[in-house]
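The values are calculated or read from the model by the stated rules, or taken from the named source; none is laboratory data. This one's a predicted model, so the numbers in the text were calculated from it and none came from an experiment. Using ideal geometry, Cβ is built from the backbone for each residue, glycine included, and neighbour counts are taken over all protein chains shown.
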């Protein structure tokens, strides 16, 4: 393997990690956003908390791993994005911390349960919205100094019609994924299961509409420079994304599991579409003023040494299977629908 092959490999491995996070923690975030609207009583709230309680912390491992891999494989891209998106990243971290605290304290602090419920919602809503905004910014491009520093206005400079559409699209997909998860985990034939399954339908249609509008804005307004080498991949992933949503719509009355898996696959294919639209760039530079003269950061000019990438590949071959085995064990241990006896500690 030469340096270029390692660079391409790690670009797609990081995309895979981001896709895994968007699917796994995506339904956690979606459940949190739906929490104050979908659950009508204390028992249903406990069901929603129990549906994500055993798995949310393990799901976040994918985000930490993706961030660590970006830092080790492509340090300039890590430095630019984490410094340029500093305030947005702090809001995301604040949300994730607040969500974790609310899940842990809600069952043990009845006097503050309304506060913890609000924290669960806020801690889920902020990341669910901002992840899409961040992905839109990376694709649209950001102004950078010659040394690679972000040259725009903090936080407000990251907002545009396209990035906001990406944020809404991500939010809708996470909420839909959360609704599908609740329909899969709630007691069978319960009112909660029926409401979750019904709510997923308009959300999926809304996501399709926003995806079409965002695509139009991307090509008409943003006009990105897309690599010809990934044109076929972009078409395939776009078809698979739309197909996953449509299959989930068709299957929702036949199998909650298949409807959830189709929705999850659709989210994953959207991340793959985003990555293939970005390749080989990691951070696209735009000319936003006299000081914004930096070049785009690509896998070629922003990667670590060949030796570092080789060592990372060896570590990944050992670590990734361990993480996958962990997830298999956890999801098998807590498979099936939630029963009354499962709600004792929630």
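Worth a mention:
- Residue count for region 216-245, restricted to those that are closer than 23 Å to residue 173 by Cα and either surrounded by 14 or more Cβ atoms within 10 Å (Cβ to Cβ) or modelled with pLDDT under 90 (or both): 14
- Taken together, the residues in region 170-207 that are under 16 Å from residue 249 (Cβ atoms) and in contact with a helix residue (DSSP H, G or I) (Cβ under 6 Å, 6 or more places away or on another chain) amount to 17.
The rows are residues; the columns are (1) touching a residue at least 24 places away in the same chain (Cβ under 8 Å); (2) under 30 Å from residue 296 (Cβ atoms); (3) touching a strand residue (DSSP E or B) at 6+ places or on another chain (Cβ under 6 Å); (4) buried (at least 21 other Cβ atoms within 10 Å of the Cβ).
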| site | (1), (2), (3), (4) |
| --- | --- |
| 101 | no, no, no, no |
| 109 | no, no, no, no |
| 113 | no, no, no, no |
| 117 | yes, no, no, no |
| 122 | yes, no, no, no |
| 131 | yes, yes, no, yes |
| 136 | yes, yes, no, yes |
| 144 | yes, yes, yes, yes |
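- Any hit, region 70-84, residues being exposed (fewer than 14 other Cβ atoms within 10 Å of the Cβ) and either touching a residue at least 60 places away in the same chain (Cβ under 8 Å) or more than 27 Å from residue 159 (Cα to Cα) (or both): yes
- Answer from 267, 232, 217 - the residue that is without any contact (Cβ under 8 Å) to a residue 60 or more places away in the chain, in a helix (DSSP H, G or I) and closer than 22 Å to residue 14 by Cβ: 232
- Residue list for region 1-58, filter: outside any helix (DSSP H, G or I) and touching a helix residue (DSSP H, G or I) at 6+ places or on another chain (Cβ under 9 Å): 1, 2, 39, 40, 53, 54, 55
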